[in-house]
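A.B. asks: Take a look at this one; I'll ask things after.
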Amino acid sequence: MSTDLQLVWLKRDLRIHDHTALCQAAAAGPVLCLYLVEPTLWAEPECARQHYLFVQECLMDLQRSLAARGGTVLLLHGEAVAMLERVHRVAPFAALWSHQETGNAASFARDKAVAAWCRAKGIAWHQPRQFGVVRALPSRDGWEKQWRDLMETPALPVPPCRFITPPIASDPWPAPSALGLDDWTPPLRQVGGRRAGIATLDSFLHDRSRRYRGGLSSPLLAEDACSRLSPYLSHGCLSLREIYQATCRRLAQLEPAAQWQKQGLRAFLSRLHWHCHFIQKLETEPELEWRNLHRGYDGLRENEWDEARFAALREARTGWPLVDACVTMLHTTGWLNFRMRAMLVSVAAYPLWLHWRPVGLWLAREFLDYEPGIHWSQLQMQAGTTGINTTRVYNPLKQARDHDPEGRFVRRWLPALRRVPDTWLFEPWNMPEDVQRRCGVIVGVDIPRPIVDLEQATRQAKERVHALRRKADVRLAKAEIAEKHGSRKRTSGKRRANSQSQHQMHLDW
Ligand SMILES: Cc1cc2nc3c(=O)[nH]c(=O)nc-3n(C[C@H](O)[C@H](O)[C@H](O)COP(=O)(O)OP(=O)(O)OC[C@H]3O[C@@H](n4cnc5c(N)ncnc54)[C@H](O)[C@@H]3O)c2cc1C
């Protein structure tokens, strides 16, 4: 067995294109690719069967690409250190390669154990970055430029590799139930793998992006108008840089007359920037996965957990049609557009007064694209515990009137409402009894009654949050959080003259 063997450990980067770790490993010696099914990580409460099946599909696709180049992925089932030891015993590798990962506390602990094992064995562990996220970032100043520089460096082609035949046979895939994963998978979820990711990217760039700007916020239109690239990004079937560069090429091809589509693609590019901007927050402050970013909000909701309200939300029984329709769609497809995700968290955090952490764990399992850095940062932002954002409270009745005015979305996902007349569709609990009888939909029997009075519960929740925000010590801590996590945006004209620095702190984090 070659002594300069390079072990490439695939994690959330299930591709060989624009794969920095693979390229660098291939330049150093013969390569073996490894994927680990780690029981401890799959037992985390964020994990769901749909994620596991998606990963399997990605790896099957990857196997095909590797086989065409004379390679394969060695699949092992077990904890990382034990499995690395198992490989090392039969194929002593000189170096371990994997992309940097911004995961949860469990993957961080796993990485620390692997680092210790590598040190003890004298094995170099190289971890290049795959996103615009910077490890041990001293300050957010200059971050935007670093992001742009990375995105504009040419994407890497698949390198010529000398693959070795795995020294041991792969383990069989453990059954999802053996990993403690639930038995549900959304019947309409997206399929994993690079080929599906490329097809999704192509259809977005060449067709669907025409509808991006107009359809982004509508629960009905977004399903087609949004890129739908999120699960391919969060599992790494495509690199962010490939997507960025393909979008720039498409923008350059479009005629000036395609102004609307160009604006859509530019808006899409800014989302790609947000992707790393949000993950950077978790990288910089890993605790935000489980504790309030602004500690002044500790104790606000923690001690008032109401399981019955949470169950009603999860089971699409809140009684608010748009909320229940969104939960139903999510459970069926594994996806929801940004605005409806924000609305669900807002409803949970304000009128239902639920703490964001259990809500976030449930949503992580429901979202096929679960990405810890984006997810937990967004959860806290929508729940109002970052301390630096204006309170975002989405009224589900107003959202329904604005984004589903004809009720097509609500009727699609909640068949019981199909017979409810338009007048009462978004507030069916106000239907007079004779109308209920005539349309055959009895409130409290065929459809749920709202679990709380929306207006009153929202008002009380806002008052409690605002009372806290007004406190001097809470106000004081804001600046530090903004300095650490806020994006820097260049300001111009009058505002620049008024600001002390050319880089005005963008408080909207
Ligand atoms: C409470 C909450 C939780 C969320 N959890 C996740 C998550 O776990 N994983 C995830 O990928 N996105 C998450 N998002 C962000 C966003 O809703 C999804 O990225 C988006 O809906 C995915 O669909 P798309 O790929 O078609 O999006 P597009 O609009 O086409 O955007 C393209 C890509 O840009 C990035 N992006 C888009 N919006 C945001 C945003 N607001 N913040 C950061 N990055 C963004 C994503 O990588 C996305 O795939 C969350 C949003 C909220 C409000």
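A.B. asks: Looking at the range 192-285, what % of the alpha carbon pairs are farther apart than 21 Å? Before the final figure, lay out the partial values.
C.D. replies: Values: 1366 of 4371 pairs.
Above the 21 Å cut-off, the range 192-285 has 31 percent of its Cα pairs.
A.B. asks: What accessible area per residue comes out for the chain, rounded to a whole number of Å², with a 1.4 Å probe? Don't jump to the answer; show the numbers that get you there.
C.D. replies: Working: 21840 Å² over 509 residues.
Value returned for the chain: 43 Å² of accessible area per residue.
A.B. asks: Right, next: Relative contact order for the range 177-317 using alpha-carbon pairs under 8 Å, separation at least 6, rounded to a whole percent?
C.D. replies: 20
A.B. asks: Under a straight-distance cross-link criterion of Cα-Cα below 24 Å, which lysines are reachable from Lys462, leaving out those fewer than 8 residues away in the same chain?
C.D. replies: Lys398, Lys471, Lys478
A.B. asks: Could you work out what % of the accessible surface of the chain is carbon and sulfur, using a 1.4 angstrom probe and leaving DNA, RNA and ligands out of the count?
C.D. replies: 54
A.B. asks: Given the alpha-carbon gyration tensor of the range 371-488, what are the semi-axes of its equivalent ellipsoid in whole angstrom, ordered largest first, with each equal to the square root of 5 times an eigenvalue? Before the final figure, lay out the partial values.
C.D. replies: On the way: eigenvalues 309, 58, 23 Å².
So the three semi-axes of the range 371-488 are 39, 17, 11 Å.
A.B. asks: Could you give the spread of the C-alpha atoms of the range 58-200 along their three principal axes, from largest to smallest, in whole angstroms?
C.D. replies: So the three principal-axis extents are 47, 46, 36 Å.
A.B. asks: Between beta-carbons, use under 14 Å as the cut-off and find the net charge around Pro159, counting Lys and Arg +1, Asp and Glu -1. Before the final figure, lay out each step's value.
C.D. replies: Numbers: positive: Arg15, Arg69, Arg162; negative: Asp18.
Result for the local shell: +2.
A.B. asks: Taking a ≥ b ≥ c as the square roots of the eigenvalues of the Cα gyration tensor of the range 144-217, is the shape rounded (a/c under 1.5), prolate (a/b larger than b/c) or oblate?
C.D. replies: Here the range 144-217 falls in the oblate category.
A.B. asks: Which lysines, if any, have their Cα less than 23 Å from the Cα of Lys121, not counting same-chain residues under 8 positions apart?
C.D. replies: Lys121 reaches Lys11, Lys112.
A.B. asks: Taking the chain, how much of its Cα-Cα pair set, in percent, is spaced more than 30 angstrom apart?
C.D. replies: Result: 53 percent of Cα pairs exceed 30 Å.
A.B. asks: Let me ask something additional. Specify whether the C-alpha gyration tensor of the range 267-375 places it in the rounded, prolate or oblate class, a ≥ b ≥ c being the square roots of the eigenvalues: rounded for a/c under 1.5, otherwise prolate if a/b is larger than b/c and oblate if not.
C.D. replies: Because a/c hits 1.5 or more and a/b fails to exceed b/c, the range 267-375 counts as oblate.
A.B. asks: I need two numbers for the range 295-460: Rg to one decimal and Dmax as a whole number, Cα atoms only, in Å.
C.D. replies: 16.0, 53
A.B. asks: Restricting to DSSP H runs of at least four residues, report the calculated mean residue ellipticity at 222 nm for the chain, -39500 (n - 2.57) per run over all residues, nearest 500 deg cm²/dmol.
C.D. replies: Numbers: 23 runs with 250 residues, N = 509.
Helices in the chain give a 222 nm mean residue ellipticity of -15000 deg cm²/dmol.
The values are calculated or read from the model by the stated rules, or taken from the named source; none is laboratory data. The structure presented is a predicted model; accordingly, all values stated were derived computationally and were not measured. Positions of Cβ are backbone-derived with ideal geometry, glycine not excepted, and every protein chain shown enters the neighbour counts. What goes into the accessible areas is simple: the full protein's heavy atoms, side chains included, and nothing from ligands, DNA or RNA. Shrake-Rupley method; radii C 1.70, N 1.55, O 1.52, S 1.80 Å.
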